[in-house]
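> Following this message is one structure expressed as structure tokens.
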Amino acid sequence: MKLIEDYTERFHNYTLPSPEKCFELEDGDEIYIKRWITNGKINGKLKDVFEWIEKKYLSNKEELEKTDKKKYEEIVRRFYIKNWRIILLMSEYQIKYRYYTKVIESIKEKSFSGMDNKEFLKLFQKE
């Protein structure tokens, strides 16, 4: 797996997509995560995929590192084992940030500075 090419730019512009769209599959990924790939795309939540990788391949990483060091290094390098949680967190944060920013802007458009507290709170009541 690799990060999308414009990940850094999109991060700085607050336009990161969902975590599943932040990664692209590479040749050879199917060897390790075949059950999570359908039609060349990840099927399922990225968090579930990474947790499955950790459980399947790295639950006893000391043993794997001793018995098959190349396989261990390949999995760690290929699947961002050390950083996937941060990447997932940043993507989810930006999605929520954009949503709440739109909500706040919408409320600002419906209110005006001369409103008192009661009038302002009426914006949130169901009619």
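The values are calculated or read from the model by the stated rules, or taken from the named source; none is laboratory data. This is a predicted model, so every value here is computed, not measured. Positions of Cβ are generated from backbone atoms using ideal geometry, with glycine treated the same way; all protein chains shown enter the neighbour counts. These accessible areas exclude ligands, DNA and RNA; they are computed on the full protein's heavy atoms, side chains included. Shrake-Rupley method; radii C 1.70, N 1.55, O 1.52, S 1.80 Å.
> How many residues does segment 1-24 contain that are open to solvent by 30 Å² or more (accessible area, probe 1.4 Å) and more than 21 Å from residue 77 (Cβ to Cβ)?
Number of matching residues: 10.
> Quick one: in segment 25-50, which of the residues that are in a helix (DSSP H, G or I) and open to solvent by less than 80 Å² (accessible area, probe 1.4 Å) is farthest from residue 80 (Cα to Cα)?
Step one: of segment 25-50, the residues in a helix (DSSP H, G or I) are 29-36, 46-50.
Okay, now just the ones that are also open to solvent by less than 80 Å² (accessible area, probe 1.4 Å), so 29, 32-33, 36, 46, 48-50.
Details: 29: 12, 32: 14, 33: 14, 36: 16, 46: 12, 48: 14, 49: 12, 50: 9 Å.
Filtering first and then ranking leaves 36.
> Considering only segment 51-62, state which residues are surrounded by 18 or more Cβ atoms within 10 Å (Cβ to Cβ) and at pLDDT below 90.
Of segment 51-62, the ones surrounded by 18 or more Cβ atoms within 10 Å (Cβ to Cβ) are 53, 57.
Answer for segment 51-62, where residues must be surrounded by 18 or more Cβ atoms within 10 Å (Cβ to Cβ) and at pLDDT below 90: just 57.
> Tell me which residues, restricted to segment 74-122, are surrounded by 15 or more Cβ atoms within 10 Å (Cβ to Cβ) and not in a helix (DSSP H, G or I).
79, 80, 81
> Do any residues in segment 74-102 that are touching a residue at least 60 places away in the same chain (Cβ under 8 Å) have Cβ atoms under 8 Å from those of residues that are surrounded by 12 or more Cβ atoms within 10 Å (Cβ to Cβ) and among the small types (Gly, Ala, Ser), where the two are at least six apart or on different chains, and which pairs are they?
Once the first residue is touching a residue at least 60 places away in the same chain (Cβ under 8 Å) and sits in segment 74-102, its partners that are surrounded by 12 or more Cβ atoms within 10 Å (Cβ to Cβ) and among the small types (Gly, Ala, Ser) give 91/18; 95/18.
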